[in-house]
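The values are calculated or read from the model by the stated rules, or taken from the named source; none is laboratory data. These figures come from a predicted structure and were not determined experimentally. FYI the Cβ positions are ideal-geometry reconstructions off the backbone, even for glycines, and counts take in every protein chain you see.
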Amino acid sequence: MIFGRSIGIPHFENSLIFATVYNQAAVNAGTPPQYPEEQMERIRGFINGTYKTEYDPANPTTSVFTGRRIGNANYDWPHILFKDYKFDQRHNVSISGGSQRSQYYVSLGYFDQDGFYGFGYDDYKRYDLMANLNTEATDWLSFNFSAKYANTFTDYPIGITTVERRYIGNSLYSFGPIQPHYNPDGTEANPLVRYLESSGRDKTYENDLLVTLGTELELAEGWKTNISYNII
């Protein structure tokens, strides 16, 4: 079992600090505050528990992308969309043996890599086989055989428009803490969550095989000739 932890993903400040700083920046730039006082009051109320909905029900969002402007929620979205921890697993079984003239080695492996997505899932699996055989037919002639085979499978959300799975990383900080998680009817309000759960899947299957056949001849003492043939 392999333990993994996400690194380098900053946390959001709470939504009141976020909106206050945003408003101060707007005023310093000579423009009106981005978030009016009525919305600031809703943000304060949501944080202290006196305002129960994540935006004004009388002014519902017109699309999943407007919640980040009119919402009053308080979510640390980078650490909700991505898990802080994950577990991978790797298993290997090998057999080796032989005699003075012949040796063999066979290994079977399995690797399952979990993803960091907090919604939906992304997955990577690999099965691999490796085999080696060396044998001395005579004092001057030997043969060797090696084979490596890997079967890999990936499965992750298909993406949005032309940016594929990069979209969530590129947009991680485009939706501040005031972005609602749920609409009043309980449906999902964050487009990034919808992307992870409902955009379809991109699945790939790959098979890789490498076989090497070789021989070594020593027709004269100290003079060795090696011949190999690869199959890919």
Scan of the stretch 175-218 for residues that are under 22 Å from the mean Cα position of the chain (by Cα) and hydroxyl-bearing (S, T, Y), ordered by number: Y195, S198, S199, T204, Y205
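Rundown of residues vs (1) farther than 30 Å from S198 by Cβ; (2) at pLDDT below 95; (3) not charged (D, E, K, R), yes/no style:
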site	(1), (2), (3)
I43	no, no, yes
T53	no, yes, yes
A58	no, yes, yes
A73	no, no, yes
D84	no, yes, no
S107	yes, no, yes
D139	yes, yes, no
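When you go through Y149, Y182, Y156 one by one, which is the residue that is within 28 Å of D56 (Cβ to Cβ) and not polar (S, T, N, Q)?
Working: Y149 fails: within 28 Å of D56 (Cβ to Cβ); Y156 fails: within 28 Å of D56 (Cβ to Cβ).
Answer to the selection: Y182.
Does D208 satisfy being charged (D, E, K, R), farther than 30 Å from D76 by Cβ and not in a strand (DSSP E or B)? Show your work before the answer.
On the way: charged (D, E, K, R): yes; farther than 30 Å from D76 by Cβ: yes; not in a strand (DSSP E or B): no.
Here the answer is no, as D208 does not meet what is asked.
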If the requirement is being without any contact (Cβ under 8 Å) to a residue 24 or more places away in the chain, aromatic (F, W, Y), farther than 30 Å from E41 by Cβ and in contact with a strand residue (DSSP E or B) (Cβ under 6 Å, 6 or more places away or on another chain), which of these qualifies: Y205, Y229, Y149? Y229
Going through the stretch 124-142 in order, the residues found to be closer than 27 Å to S107 by Cα, out of contact with any Phe, Trp or Tyr (no Cβ under 7 Å at 6 or more places or on another chain) and loosely packed, with under 15 Cβ neighbours inside 10 Å are L141
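Right, D56: of a type in the set (D, E, K, R) and either under 18 Å from G176 (Cβ atoms) or buried (at least 16 other Cβ atoms within 10 Å of the Cβ) (or both) or not? Spell out how you get there, then give the answer.
Details: of a type in the set (D, E, K, R): yes; either under 18 Å from G176 (Cβ atoms) or buried (at least 16 other Cβ atoms within 10 Å of the Cβ) (or both): yes.
Yes; evaluated as a whole, the condition is true for this residue.
With the structure loaded, tell me whether G98 is modelled with pLDDT under 95, closer than 26 Å to S228 by Cβ, out of contact with any His (no Cβ under 7 Å at 6 or more places or on another chain) and not assigned by TED's automatic domain parsing to the domain that holds I9 or whether it fails that test.
Details: modelled with pLDDT under 95: yes; closer than 26 Å to S228 by Cβ: yes; out of contact with any His (no Cβ under 7 Å at 6 or more places or on another chain): yes; not assigned by TED's automatic domain parsing to the domain that holds I9: yes.
So G98 passes the test.
Against the definition (part of a helix (DSSP H, G or I), under 30 Å from Y124 (Cβ atoms) and modelled with pLDDT of 90 or more), how does I47 come out, yes or no?
Numbers: part of a helix (DSSP H, G or I): yes; under 30 Å from Y124 (Cβ atoms): no; modelled with pLDDT of 90 or more: yes.
No, not satisfied.
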Candidates A19, A73, filtered to the one that is buried (at least 16 other Cβ atoms within 10 Å of the Cβ) and not in a loop (DSSP other than H, G, I, E, B): A19
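Among the candidates Y229, Y195, which residue alone is over 26 Å from L16 (Cβ atoms), modelled with pLDDT of 85 or more and exposed (fewer than 10 other Cβ atoms within 10 Å of the Cβ)? Please lay out each step first, then the result.
Values: Y195 fails: exposed (fewer than 10 other Cβ atoms within 10 Å of the Cβ).
The conditions single out Y229.
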From the list F46, F87, F82, pick out the single residue that is closer than 30 Å to G109 by Cβ and surrounded by 15 or more Cβ atoms within 10 Å (Cβ to Cβ). F82
Say we look at the stretch 125-145 and pick out the residues that are part of a strand (DSSP E or B) and touching a residue at least 60 places away in the same chain (Cβ under 8 Å); which of these is farthest from R101 (Cα to Cα)? F145
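Against the condition touching a Phe, Trp or Tyr at 6+ places or on another chain (Cβ under 7 Å) and not in a strand (DSSP E or B), how does P177 come out, does it pass?
Numbers: touching a Phe, Trp or Tyr at 6+ places or on another chain (Cβ under 7 Å): yes; not in a strand (DSSP E or B): yes.
So P177 fits the description; yes.
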What is the one condition in (1) free of Cβ contacts under 8 Å to residues at least 40 places away in the same chain; (2) within 30 Å of Y205 (Cβ to Cβ) that L81 does not satisfy? (1)
